[in-house]
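What follows is one structure encoded as structure tokens, with my remarks underneath.
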Amino acid sequence: MSRTGKKPVTVPSGVTASIADGQLSVKGPKGTLSLPMADEVTYSIEDGVIAVKPANDGKRARAFWGMQRTLVANLITGVTEGYTKKLLITGVGYRADAKGKVLNLKLGYSHDVDFEIPEGIEIKTPDNTTVEITGIDKQQVGQVAAEIRRWRKPEPYKGKGIKYAGEFIFRKEGKKK
């Protein structure tokens with residue numbers, strides 16, 4: 001039994017949810033998001049609450065139950081509050097600068113890295129070693145953060161590279177004489 005799936009998702013005021021053509025659509029103050037509905041799970045909207053229940057007693061239906069409920073909750077959070085990921089850049093000469101729809105990264109390569117910012121994502125650089133990625137789609141925000149981080153992952157000896165805020169980098173000891 002899914003403990004997560006049992007809890008209904010409350011729809012706050014100012015947010016509307018609808019089911020049409022196999023899609024669950026949620027519209028709020030920050031925008032509109034939709035989720036393709038899984039066949040293994042039934043969705044119901046009533047009295048400002050979205051309930052997710054398994055369609056049958058099969059193992060696959062029970063497996064989808066909690067995940068689909070979490071995805072619905074992520075839609076609600078996205079259109080009301082939005083999501084933010086913060087990246088920290090460590091290293092001598094490593095910098096970031098957001099200009100328009102391009103994030104310019106200087107990461108110790110012989111060339112600058114120009115990262116095109118996708119639609120629905122906003123990137124700010126409060127200072128030249130911090131990158132803040134915001135958007136309403138949790139999956140898209142995480143994917144963009146991972147793609148930026150992939151350019152220079154943090155290394156374990158000096159800790160140089162791009163890391164998530166709050167991420168712990170396991171440090172190794174260098175060579176001994």
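The values are calculated or read from the model by the stated rules, or taken from the named source; none is laboratory data. What you are looking at is a predicted structure, and each value in this text was computed from that prediction instead of being measured. Glycine gets a Cβ as well: all are built from the backbone with ideal geometry, and neighbour counts include every protein chain shown.
Side notes on the structure shown:
- Scan of the stretch 117-143 for residues that are free of Cβ contacts under 8 Å to residues at least 40 places away in the same chain and β-branched (Val, Ile, Thr), ordered by number: ILE117, ILE121, ILE123, THR125
- Cβ pairs under 9 Å, 6+ apart, first in the stretch 78-91 and assigned to a strand (DSSP E or B), second surrounded by fewer than 18 Cβ atoms within 10 Å (Cβ to Cβ) and aromatic (Phe, Trp, Tyr): LYS85/TYR164; LYS86/TYR164; LEU87/TYR164; LEU88/TYR164
- The residue that is surrounded by the fewest Cβ atoms within 10 Å (Cβ to Cβ), among those in the stretch 148-157 that are touching a strand residue (DSSP E or B) at 6+ places or on another chain (Cβ under 8 Å) and either among the hydroxyl-bearing types (Ser, Thr, Tyr) or free of Cβ contacts under 8 Å to residues at least 40 places away in the same chain (or both), is LYS153.
- Criterion (in the same structural domain as VAL15 (by TED's automatic domain parsing) and not aromatic (Phe, Trp, Tyr)) met by exactly one of GLY58, GLY142, GLY91: GLY58
- Check on LYS99, within 25 Å of LYS153 (Cα to Cα), surrounded by fewer than 18 Cβ atoms within 10 Å (Cβ to Cβ) and of a type in the set (Lys, Arg): yes
- Taken over the stretch 94-113, the criterion of being under 16 Å from ARG150 (Cα atoms) and β-branched (Val, Ile, Thr) is satisfied by VAL113 alone.
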